[in-house]
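S.K.: Quick one: the structure is below, and I'll ask about it shortly.
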Amino acid sequence: MRKIIIAGNWKMYKTIKEAIELSNALKREFFKLDTQAIDIVLCPPFTALSEVAEAVNETGIKLGGQDLYWAGEGAFTGEVSGRMLRDAGCEFVIIGHSERRQFFSETNESVNKKTKAALECGLTPIVCVGERLDEREAGKTFDVLRSHIEGALTGLSAEDVLRIIIAYEPVWAIGTGKTATPEQAQEAHKYIRDLLHKLYNQEVAQEVRIQYGGSVKPENTAELMNQPDVDGALVGGASLKAESFSEIIKKASEVLK
Ligand code: PGA
């Protein structure tokens, strides 16, 4: 049994005041829902982490960072370590998001270092993988997924990988309003699960949760979550409003896995 996990990636949105308002609104909405069956994670910008941690304290809602640097500490201007994220209340951290790969020179090697660093300090990495449109059109989707997964997991044991979450995010579906069809998502998730089996073992393949990300909204949540290998969602745009994010949570919590 894999528990559904819905994470909201707030990206570079929300001042501290706005983040507290959204957290409080979400608390009011979640209170009405039976959310025991799923994990809910909020990933605000670094500046709002502590305040959001305080706002969702004792609600069961969990917190994640959007990135980290692999060193424990040091002269790395502008970076944030895993220990700092833990200190601010995080249990999760997004690693290798396509926007970081595209705009901030993230590579498979840096994703691998960050994943190891996250695990070392007790954070659960949400490792993002996914193909661009040109790669999909050239029939290279599975090659890209294999290179992202093998790159991210280099040197990790089966035990390590059991503590990781993978997010399949086709780049062409992120922020475009163009969602992968449930069949496209399932095909990619199944490929990733089979690859985990090949690289590790049956247990890893069965246990690791794979989220889908890319224009998830209330209207497409149920059909995506109903796919056998889709275990949750990483939500961008629709996580910025309490109504749409809680509607996604509601739809996801109604899916029986
Ligand atoms: P989106 O973003 O839901 O706005 O497409 C998803 C993501 O980038 O994680």
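S.K.: Pull up all non-local amide H partners of Val235: gap of 5 or more, or a different chain, and H-to-H distance under 5 Å with H placed in the peptide plane.
M.R.: For Val235, whose amide H was placed from the backbone, the distant partners under 5 Å are Ala7, Gly8, Asn9.
S.K.: Among Arg28, Arg83, Arg101, which one shows the biggest mean-square fluctuation in a GNM of the chain, springs joining Cα atoms closer than 10 Å?
M.R.: Arg28
S.K.: Under a GNM of the chain (C-alpha, springs under 10 Å), which listed residue has the highest mean-square fluctuation: His197, His148, His189?
M.R.: His197
S.K.: Let's test the formula: R0 of 45 Å, r as the Cβ-Cβ distance of Phe31 and Ala138. What FRET efficiency results, to the nearest 0.05?
M.R.: 0.40
S.K.: Roughly how far apart, in whole Å, are the Cα centres of segment 194-225 and segment 113-152?
M.R.: About 13 Å separates the Cα centre of segment 194-225 from the one of segment 113-152.
S.K.: Here's a follow-up. Strictly over 24 Å apart at the Cα level, which of Lys17/Lys178; Lys140/Lys241; Lys198/Lys251; Lys3/Lys250; Lys3/Lys140 would you flag in this model?
M.R.: Table pairs above 24 Å Cα-Cα are Lys17/Lys178; Lys140/Lys241; Lys198/Lys251; Lys3/Lys140.
S.K.: Continuing with the same structure: Modelling each spin label as a point 7 Å along the Cα-to-Cβ direction, I'd like the Glu254/Leu199 distance in nm, to one decimal.
M.R.: If labels sit at Glu254 and Leu199, their model points lie 3.5 nm apart.
S.K.: Could you give the size of the charge dipole of the chain about its Cα centre, using +1 on the Cβ of each K and R and -1 on the Cβ of each D and E, expressed in debye and rounded to the nearest 20? The partial results should precede the final answer.
M.R.: Working: 31 positive and 38 negative charges, 35 e Å.
For this selection, approximately 180 debye.
S.K.: Whose amide H sits under 5 Å from the amide H of Arg209, counting only residues 5 or more places off or on another chain, with H placed in the peptide plane?
M.R.: Hits under the 5 Å cutoff: Ile166.
S.K.: For a Förster distance of 30 Å, can you work out the FRET efficiency between the beta-carbons of Lys190 and Phe103, rounded to the nearest 0.05?
M.R.: The calculated FRET efficiency here is 0.50.
S.K.: May I ask which residue of Val171, Ile248, Met84 lies farthest towards the positive end of the charge dipole of the chain, with charges of +1 (Lys, Arg) and -1 (Asp, Glu) on Cβ and the Cα centre as origin?
M.R.: The residue sitting most towards the positive pole is Ile248.
S.K.: Report ³J(HN,Hα) in whole Hz for each residue of segment 185-196, in order, from the Karplus equation J = 6.51 cos²θ - 1.76 cosθ + 1.60 where θ = phi - 60°; Gly and Pro get x.
M.R.: My calculation for segment 185-196 gives 5, 4, 4, 5, 5, 5, 4, 5, 5, 5, 5, 4 Hz in order.
S.K.: Taking loop as defined by DSSP and a crowding limit of 10 other beta carbons within 10 Å, which GluC sites (Glu not before Pro) in segment 6-72 fit?
M.R.: Values: sites: Glu18, Glu21, Glu29, Glu51, Glu54, Glu58; in loops: Glu58.
Here the GluC sites (Glu not before Pro) that fit, given the DSSP loop and packing criteria, are Glu58.
S.K.: I've got another one for you. Wrap a convex hull around the Cα atoms of the chain, take a quarter of its surface area, and give that in square nanometres. Could the numbers behind the result be given before it?
M.R.: Numbers: hull surface 50.0 nm².
Answer in nm², one decimal: 12.5.
S.K.: Taking amide H atoms as placed 1.01 Å from N in the peptide plane, list the residues 5 or more away in sequence, or in a different chain, whose amide H sits under 5 Å from that of Val93.
M.R.: Amide H to amide H, under 5 Å and 5 or more residues apart or across chains, Val93 pairs with Gly65, Thr124, Ile126.
S.K.: Taking the convex hull of the alpha carbon atoms in segment 33-133, what volume per residue do you get, in Å³?
M.R.: Spread over its residues, the Cα hull of segment 33-133 gives 125 Å³ apiece.
S.K.: Can you pull out the trypsin sites (Lys or Arg not before Pro) in segment 179-226 that DSSP calls coil and that have at most 12 other Cβ atoms within 10 Å?
M.R.: none
S.K.: Right, here's the next one. Calculate for the chain the 222 nm mean residue ellipticity that helices alone would give, adding -39,500 (n - 2.57) per DSSP H run of length 4 or more and normalising by residue count, nearest 500 deg cm²/dmol.
M.R.: Calculated from helices alone, the mean residue ellipticity at 222 nm is -13000 deg cm²/dmol.
The numbers here are math on the coordinates, done by the rules we state, and not lab data. In this text the structure is predicted, and so the values were computed from the model without any measurement. Note that each Cβ is placed from the backbone with ideal geometry, even for glycine, and that neighbours are counted across all protein chains shown.
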